[in-house]
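These notes are about the structure you will find just below.
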Amino acid sequence: MLYISERIANISELERQIQNAKLHFDILKEELKHTAPSATIDSAVYQIDRSLKVAAEFEFRLEQRTCEITTSSEHPKEQENPLEVHN
């Protein structure tokens with residue numbers, strides 16, 4: 001008997017949330033240009049901007065596992081088949 005499992009079913013929802021966060025962060029960055037300079041704010045803006053760029057460009061990997069289950073073995077034989085999914 002073969003058992004096949006896969007993961008990551010709702011990538012598009014995560015991508016939509018990342019794009020929404022980036023859009024609102026870009027609006028916030030523009031507004032912060034009109035405030036008094038602050039090293040703390042500038043540092044936070046830089047770190048958040050970097051994190052959002054990495055998240056938006058992140059490539060998900062879909063991993064498919066196929067296990068052969070036999071009655072003569074307690075531990076199934078596992079074969080991994082990584083499939084790349086691009087956003």
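So, in the stretch 29-51, exactly how many residues are over 20 Å from the mean Cα position of the chain (by Cα) and either open to solvent by less than 90 Å² (accessible area, probe 1.4 Å) or in contact (Cβ under 8 Å) with a residue 60 or more places away in the chain (or both)?
Of the residues in the stretch 29-51, 10 are over 20 Å from the mean Cα position of the chain (by Cα) and either open to solvent by less than 90 Å² (accessible area, probe 1.4 Å) or in contact (Cβ under 8 Å) with a residue 60 or more places away in the chain (or both).
How many residues does the stretch 7-65 hold that are of a type in the set (Gly, Ala, Ser) and either in contact with a helix residue (DSSP H, G or I) (Cβ under 8 Å, 6 or more places away or on another chain) or not in a helix (DSSP H, G or I) (or both)?
Final tally of qualifying residues: 6.
Among the residues of the stretch 52-66, write down those that are of a type outside the set (D, E, K, R), within 23 Å of the chain's Cα centre (by Cα), open to solvent by less than 100 Å² (accessible area, probe 1.4 Å) and closer than 30 Å to Tyr3 by Cα.
Selection gives Phe60, Leu62, Gln64.
Tally the residues that are exposed (fewer than 11 other Cβ atoms within 10 Å of the Cβ) and either among the hydroxyl-bearing types (Ser, Thr, Tyr) or modelled with pLDDT under 90 (or both), restricting the search to the stretch 1-28.
Qualifying residue count, the stretch 1-28: 9.
Every residue in the stretch 14-27 that is of a type in the set (A, V, I, L, M, F, W, C) and touching a residue at least 12 places away in the same chain (Cβ under 8 Å), please.
Correct list: Ile18, Ala21, Phe25.
Under 9 Å between Cβ atoms, at least 6 apart or on separate chains: pull out the pairs that start in the stretch 1-13 with a residue that is farther than 13 Å from Phe60 by Cα and in contact (Cβ under 8 Å) with a residue 60 or more places away in the chain and end on any residue that is open to solvent by less than 90 Å² (accessible area, probe 1.4 Å) and basic (Lys, Arg).
Tyr3/Arg65; Ile4/Arg65; Ser5/Arg65
The values are calculated or read from the model by the stated rules, or taken from the named source; none is laboratory data. Quick caveat, the model's predicted, so the values are computed rather than measured. Using ideal geometry, Cβ is built from the backbone for each residue, glycine included, and neighbour counts are taken over all protein chains shown. Accessible surface is based on the protein model in full, side chains and every heavy atom, while ligands, DNA and RNA are left aside. Shrake-Rupley method; radii C 1.70, N 1.55, O 1.52, S 1.80 Å.
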